[in-house]
1. What helices (runs of 4 or more DSSP H) completely inside segment 1-120 contain at least 2 residues that are free of Cβ contacts under 8 Å to residues at least 24 places away in the same chain and surrounded by fewer than 10 Cβ atoms within 10 Å (Cβ to Cβ)?
2. Can you find a residue that is over 16 Å from the mean Cα position of the chain (by Cα), modelled with pLDDT of 85 or more and of a type in the set (Gly, Ala, Ser) anywhere in segment 59-78?
3. Yes or no: residue 157 under 30 Å from residue 110 (Cβ atoms) and surrounded by fewer than 19 Cβ atoms within 10 Å (Cβ to Cβ)?
4. Which of the residues that make up segment 121-154 are in contact with a Phe, Trp or Tyr (Cβ under 6 Å, 6 or more places away or on another chain) and either in a loop (DSSP other than H, G, I, E, B) or more than 18 Å from residue 202 (Cα to Cα) (or both)?
5. Does residue 140 count as without any contact (Cβ under 8 Å) to a residue 40 or more places away in the chain and under 24 Å from the mean Cα position of the chain (by Cα)?
6. So is residue 199 of a type in the set (A, V, I, L, M, F, W, C), under 14 Å from the mean Cα position of the chain (by Cα) and surrounded by fewer than 18 Cβ atoms within 10 Å (Cβ to Cβ) or not?
7. From the set of residues in segment 186-199 that are in a helix (DSSP H, G or I) and not hydrophobic (A, V, I, L, M, F, W, C), which is farthest from residue 79 (Cα to Cα)?
8. Could you list, in sequence order, all residues of segment 155-185 that are in a helix (DSSP H, G or I), at pLDDT below 80 and β-branched (Val, Ile, Thr)?
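The values are calculated or read from the model by the stated rules, or taken from the named source; none is laboratory data. Source: prediction; values computed, not measured. Neighbour counts run over all protein chains shown; Cβ positions are idealised from the backbone, glycine included.
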Amino acid sequence: MRKTFRGIYLALILTFLYAPIAVMIVLSFNASRSRAKWGGFTFDWYVRLTQRSDILEALWVTLTVAVIATIIATIIGTGAAIGIQAMKKRPAAWLMKVSYLPMTMPDIVTGVSLMLMFVFVNIPLGYWTMVMAHITFDTPYVLFAVLPKLRQTDNNLYEAALDLGCTPMQAVRKVILPEIMPGVITGALLSFTMSLDDFVISYFTSYTDKNLSMVIYSAARKGIEPSIYALSTIMFLVVLALLLVVNKRGALEEVS
């Protein structure tokens with residue numbers, strides 16, 4: 001009886017979470033504009049995405065911001081993880097607590113805070129402020145993906161590399177980085193996913209350039225066109241694929 005109840009409960013939760021997404025995916029192939037009427041199967045709404053300049057421009061902004069923010073956040077997060085690992089226990093603990101803040105604060109608080117900071121220092125809100133905002137919330141994901149790999153690494157490897165003639169930077173590049181590379185890649189994939197999917201922080205930190213999430217929000221206010229279903233479906237599948245890769249890597253690392 002208890003097992004049956006758990007199965008029903010799980011089925012209800014999954015239905016509640018994923019039924020709306022399934023409906024959206026089905027409607028993205030509906031030839032009719034009406035959500036209440038099925039007009040046949042079509043790829044027309046996906047074709048129309050390639051004909052909309054605002055969508056293509058938003059796609060370019062989304063991908064370039066995500067790539068730039070991921071590269072910089074990966075460098076900063078990896079360096080910060082190595083530095084925290086080398087610190088004494090108390091300062092490292094304080095830095096860890098501070099690093100959790102961007103991940104635990106509501107997006108709207110982060111977005112408004114960054115917007116006020118950019119306005120205060122007189123930086124125009126646009127593409128580059130969006131990039132800097134994404135770097136801010138991406139970096140902790142890299143940091144906390146790399147730290148567990150560092151803790152699994154033998155501390156004597158770095159000192160052994162120095163004894164064998166490596167400079168500190170060579171020791172990090174040739175010895176430490178290969179050991180923690182799975183964590184670096186996982187952190188980079190997570191940060192790219194978070195950047196690709198962000199709306200709230202991007203909305204508050206850019207008035208000129210819009211990413212795909214902002215374009216979808218603007219389109220929804222004017223009235224949903226089926227091409228927006230197609231765009232949302234593509235974004236969902238891309239994010240899902242990246243998350244599956246991250247989870248697969250995590251499972252392989254636990255096995256190894």
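1. The qualifying helices (runs of 4 or more DSSP H) are 2-27, 89-104.
2. No; the residues of segment 59-78 include none that is over 16 Å from the mean Cα position of the chain (by Cα), modelled with pLDDT of 85 or more and of a type in the set (Gly, Ala, Ser).
3. Against the criterion (under 30 Å from residue 110 (Cβ atoms) and surrounded by fewer than 19 Cβ atoms within 10 Å (Cβ to Cβ)), residue 157 does not qualify.
4. 125, the sole residue that qualifies.
5. When the stated conditions are applied, residue 140 does not pass them.
6. Here the answer is yes, as residue 199 does meet what is asked.
7. 197
8. Selection gives 172 alone.
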